[in-house]
1. Past 21 Å, Cα to Cα: identify those pairs from LYS85/LYS272; LYS12/LYS45; LYS12/LYS272, in the order given.
2. Show me 108-118, 389-399, 259-269 ranked by packing, highest mean number of other Cβ atoms within 10 Å first.
3. Using the heavy atoms of the protein chains and a 1.4 angstrom probe, tell me the accessible area per residue for the stretch 175-271 in square angstrom.
4. Based on the alpha-carbon gyration tensor of the stretch 124-228 and its eigenvalue square roots a ≥ b ≥ c, which shape applies: rounded if a/c is under 1.5, prolate if not and a/b is larger than b/c, or oblate?
5. For the stretch 73-193, compute Rh as the Kirkwood radius over C-alpha pairs and then the Stokes-Einstein diffusion coefficient at 4 °C and 1.567 mPa s; write the answer in µm²/s, rounded to an integer.
6. Counting only protein heavy atoms and a 1.4 Å probe, tell me what percentage of the stretch 191-339's accessible area is made up of carbon and sulfur.
7. Could you tell me what percent of the accessible area of the stretch 62-166 is made up of carbon and sulfur, with a 1.4 Å probe and every protein chain present?
Amino acid sequence: MSNHDTSIPLLKGNITIVAYEEADAGSARQYLLTLGDNYFLISVKARALILTLLRNPATQLQLESDFAAETGDRIPATTLIALAKQTLPPILFLDTPPPLPRKPFIVNATLISPRHAARMAAWLACLFKPQCAMPTVALFVLVHAMVLPDALHTVHGAWTVPQTCVLVLLFLASGLFHECGHIAACRYFRCDHGGIGFGLYLVFPVWYADVTHAWQLQRRQRAIVDLGGVYFQAIFLIAVDVVAIVSGDPVAFKLAWLVTFAMLLTLNPVFKFDGYWLLSDLSGLHNLHRQVRQSIFTLIARAMRKQSASRPPLQGTILHAYLLLSACYFFYIGLFLGRELISSGVFLASMTNADWQMSISMDRVGWAEAASAIGHGLGILVWPLMIMLASMLFLKRLRLGMGVVVSSIREARTLPSRRHSI
């Protein structure tokens, strides 16, 4: 559709618009527009324009009159048409084909259909009742506090091949249970949901659940849906912790550490995982990454005594807290990875040639013995390899963050200096 075309655009008929919760009392009112599985936050003016176009005005004069009836403002029809074509999502227009479904995965596949996921969720939704959730969380905190110190120590030991295979399977099971938590939370609030699948996000193999319709829920309910996965992993960990306490099995302790690390990573809002959406829903702020980049620019501009746009106090506080938490997270992960790299390097360097030959000796008779020896050698390398891969990803994110800071400094230098009044 050309922007120079002065014909009145036609919109698709299955558009619904409802009021959306405000982030705080000072925020501009917004509305949630729904078209199929697509959701958009729109302003009061955009809502009025869309409602006007949905009446299918036959002439430009009628377009002006209908818009004036919605807003009280008389705006020329040519201006309204131009605004519609420039500001409204193209998917709303009748002559625009529906977009192909997009997911933030390199590859992905749905493994549990929405119908089967709904059946599971119907059995699990009761776990979100307050009388059930509160004792469960309290039990998790108590039991996990007993296990976590030993888990932190056990995870540094050698990982045999059989242990690693069992851990991978159980860890994948915990991830599936995590996604069941999101689905069950939607079911608890009587919200539609999709199925559960598996994909590759960045370099992470991850489960995912289609909870797109959670946009229709209230902000507090969306936050519970965001936390539903971690809550179900906490339930999973209660069973793992009990096994670790009763049996002392190192596999249970290592699994407890892995799931705990995955939970903390999921809650980290730096990536677009559950923590990102939780912070967005609790604060009412959207496109957090873009807003954080703008916040970094604002802070740098102020530090350089340059003029810059300001935000409402609550939003500014939330974004600054987000920046601080992200910086603390990166600092902690950097220290952790640095310490583990040094520790792994010292451990591998301390192994003599005889130790390596004993680990991977091929002089033993039989393929079973040779495979066992190779497996033992690989078990020694599992943890160092995990740390190396995590370090590469950390350095990539750190480089991107430093790039944002550098570009913000360059942009701030071009601003006029702040004027001081007496």
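1. Details: LYS85/LYS272 30 Å; LYS12/LYS45 19 Å; LYS12/LYS272 31 Å.
Listed pairs above 21 Å: LYS85/LYS272; LYS12/LYS272.
2. On the way: 108-118: 15.0, 389-399: 13.4, 259-269: 18.8.
Ranked from most to least packed, the peptides come out as 259-269, 108-118, 389-399.
3. On the way: 3680 Å² over 97 residues.
That works out to 38 Å² for each residue.
4. Values: a/c = 2.78, a/b = 1.45, b/c = 1.92.
Oblate shape, in that a/c is at least 1.5 and b/c is the bigger or equal ratio.
5. Details: Rh = 20.0 Å.
D, rounded to a whole number, is 65 µm²/s.
6. Numbers: 4480 of 6690 Å².
Carbon-and-sulfur percentage of accessible area, whole number: 67.
7. Numbers: 4480 of 6550 Å².
Carbon with sulfur: 68 percent of the solvent-accessible area.
The values are calculated or read from the model by the stated rules, or taken from the named source; none is laboratory data. All figures in this text were calculated on a predicted structure; none of them were measured in a lab. Backbone-built Cβ (ideal geometry, glycine too); neighbour counts: all protein chains shown. All accessible areas refer to the heavy atoms of the entire protein, side chains included, with ligands and DNA or RNA removed. Shrake-Rupley method; radii C 1.70, N 1.55, O 1.52, S 1.80 Å.
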